[in-house]
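The values are calculated or read from the model by the stated rules, or taken from the named source; none is laboratory data. Just so we're clear, the structure is a prediction, and the values are computed from it rather than from any experiment. Cβ: placed from backbone, ideal geometry, glycine included. Neighbour counts: every protein chain shown.
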Amino acid sequence: MNSYEKYQVEDFIYDDFFIAWVLHKSPESETFWNQWILQHPEKRKTITDAALLLSSIKIDDPAKPLSAAEIASMLTYVQDQTSMPSRKQEASTLKLYQNTWFRIAALIVLLTGFALLFYKSPAGHSSDGYQQITVEPDVYEAVNNSTISKMVRLSDGSLALLKPGSNLRFPKTFSSTTRTVYLTGEAFFEVAHNKEKPFLVHSNGMVTRVLGTSFTVRAFKDDAFFKVIVNTGKVQVYEEKQGAAQQQSVFLLPNEELTFQPKSTSFEKKRLPKPSLLSTDLSEREFSFSDRPLSEIITKLETAYGVRIQYDKDQLGSTVLNASLSDLPLDEKVKLLCKAINANCDFSNGNIIIEKEKIQ
Amino acid sequence: MDTRKPNITAESELWNRFRAGDRTAYTQITTAYINPLFNYGYRICPDRDFVKDCVQEVFIELWNRRSTINETQSVKWYLFKAVRLRIFRELPKWGRNESLNDDYQFTVEFNIESRLIADLEVQELSSKVKAVLNGLPSRQREIMYLRFYEELDFEQISEIMQISRQSVHNLLQKAYHNFRGEWNTLLLLLLMGEAKF
């Protein structure tokens, strides 16, 4: 039994039963304490002081509580995951893929003059220096040791064009709240629009956060700097350890470039001198083709994206096409072309291959 | 369901039904606790998406483990403990290095309700005291939060924070002694103010 007679203010305020009385005023505690005070009138002041102290401590409401939409989406996800998990997960991935790609604005900045790090294909690896390996259950790593960009397709329909000497770690399926990837090196991203799920690129201690847009991130280990160039949409860049809410984060708009020097922790933002071919203003014009040969269209794509597209130029190059490709991400552009010429496209191993079926 | 003052009998019935596999009970529990858990988690790590992920995973794990959970455990402290553990476990995977111990930040702002006090001197004093409270180290702030906002008891707090009951007590003693002088004066003035009404 607590010897409440000996208690001072500081003892009462840490006593569970006393606190329960002050905060909850349950019938039992009311009875007890009121009677106790009557029996110990000399402690009345002590008790009042303690009660006053306890009841005047107030705590703020946290900033930005969960919205109704966020709650609904989280609870739905939880419901899905706790009933027939494997099947439900597949279904939701499919749904995402179908709805989002056509809203992507595709724009690439040509990094003219950047130093390409040439890697020789190490002996014993895959023949063209590119591999996609499973590093953990459901986590992949795409490694590009070749001399050309490789295309990586992500579970929500987003694309990463991985430059030589770069690698990208990404989950097989994105979680329900974020789409997070880890990049070393350089890549161009075309991100499917999804307001509910920000796309986060972690690289070298920096985070580039987007909702749906296209941009390039450059963060080689040996670089003294970190660079992001935006083509369409808007991105937010911040230091990983600071978190997104920090004042230090920078927002980038199309045709802007951000360089971050880790040594001086300074952000430098500039406008690009020449907007890229893939920027919203130019892409409509640049990627609308009327009566153009396939070879010209493919060359345009290769130049704009900095990729190589493999196809039989002799067989297919002179096919004339009308095509309007501006709003599509690269893989959808290629698929559309394939459809137009009745060919198949193959995106395995990061390559882009157009193959016409042999006529029997 | 007001999770701050849960009706003990109703809640333990809900808990038992959930443990038996009742989906409705499970839904009620998750709906009721999603906000408090998010608010608590966010104070430990102010990364919205990360905390949302953790809360979701805790709920999923809760369902998966329903048959092994003890009957006598309180829903609230079980969930709070799970969220805290998960946050600290997952932080390194998200590229952060906060350790489980003293380095972490616990974001909470204390206020002294002094709006009824007309006296300028008392107002000044309460902001001094507020500053002391808000200057407490993270652990002590977290304890204060769990005690006064979430109204968990010290036993539960020590479980959630994985520290001994005695440590909780000692930490609070330290906190109290930090502002003891100020408190006494403030109380005096508050009481004088009270007497006017």
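Tabulated data
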read-out	value
Some residue of the stretch A:330-339 being closer than 30 Å to A:Glu141 by Cβ, at pLDDT below 85 and of a type in the set (D, E, K, R)	yes
From the options B:Asp47, B:Asp53, residue that is of a type in the set (Asp, Glu) and either within 20 Å of A:Asp80 (Cα to Cα) or in the same structural domain as B:Tyr149 (by TED's automatic domain parsing) (or both)	B:Asp53
Selection from the stretch B:78-104 of residues that are modelled with pLDDT of 80 or more and either in a loop (DSSP other than H, G, I, E, B) or within 11 Å of another protein chain (Cβ to nearest Cβ) (or both)	none
Among residues of the stretch A:177-197, those that are under 16 Å from B:Phe50 (Cα atoms), at pLDDT below 85 and surrounded by fewer than 20 Cβ atoms within 10 Å (Cβ to Cβ), counted	1
Single match in B:Asp22, B:Asp49 (criterion: away from chain A (no Cβ under 11 Å) and not hydrophobic (A, V, I, L, M, F, W, C))	B:Asp22
Matching residues in the stretch B:158-170 - criterion: being of a type in the set (Val, Ile, Thr) and facing chain A (nearest Cβ under 10 Å)	B:Val168
The stretch A:192-201 - residue that is over 8 Å from the mean Cα position of the chain (by Cα) and within 18 Å of A:Leu159 (Cβ to Cβ) and, of those, nearest to the other protein chains (Cβ to nearest Cβ)	A:Asn194
Test: residue in the stretch A:28-35 that is under 53 Å from the mean Cα position of the chain (by Cα) and modelled with pLDDT of 80 or more	yes
Listing of helices (runs of 4 or more DSSP H) fully contained in the stretch A:1-57 that carry 1 or more residues being touching a Leu at 6+ places or on another chain (Cβ under 8 Å) and under 19 Å from B:Asn170 (Cα atoms)	A:9-12, A:16-24, A:44-56
The stretch A:317-360, residues that are of a type in the set (Ser, Thr, Tyr) and in contact (Cβ under 8 Å) with a residue 24 or more places away in the chain	A:Ser318, A:Thr319, A:Ser324, A:Ser326
Elements of type strands (runs of 3 or more DSSP E) contained in the stretch A:315-360, each with 1 or more residues being of a type in the set (Asp, Glu)	A:343-346, A:352-356
Close pairs from the stretch A:172-186: first in a loop (DSSP other than H, G, I, E, B), partner among the aromatic types (Phe, Trp, Tyr), Cβ under 6 Å, at least 6 apart	A:Ser176/A:Tyr77
Residues (within 7 Å of chain B (Cβ to nearest Cβ), touching a residue at least 40 places away in the same chain (Cβ under 8 Å) and closer than 30 Å to B:Gly135 by Cβ) located in the stretch A:26-85	A:Asp49, A:Leu53
Only listed residue being modelled with pLDDT under 80, among the acidic types (Asp, Glu) and over 12 Å from the mean Cα position of the chain (by Cα), chosen from B:Glu151, B:Glu194	B:Glu194
Filter result for A:Thr173 (surrounded by fewer than 22 Cβ atoms within 10 Å (Cβ to Cβ), at pLDDT 85 or above and more than 27 Å from A:Ser326 (Cβ to Cβ))	yes
Residue check for B:Tyr42: in the same structural domain as B:Ser74 (by TED's automatic domain parsing), touching a helix residue (DSSP H, G or I) at 6+ places or on another chain (Cβ under 7 Å), closer than 25 Å to B:Thr68 by Cα and modelled with pLDDT of 85 or more	no
The stretch A:121-170, subset basic (Lys, Arg) and surrounded by fewer than 22 Cβ atoms within 10 Å (Cβ to Cβ), residue modelled with the highest pLDDT	A:Arg169
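Conditions (1) at pLDDT 60 or above; (2) out of contact with any Phe, Trp or Tyr (no Cβ under 9 Å at 6 or more places or on another chain); (3) hydroxyl-bearing (Ser, Thr, Tyr), marked per residue:
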site	(1), (2), (3)
B:Val132	yes, no, no
B:Ile143	yes, no, no
B:Leu171	yes, yes, no
B:Gly181	no, yes, no
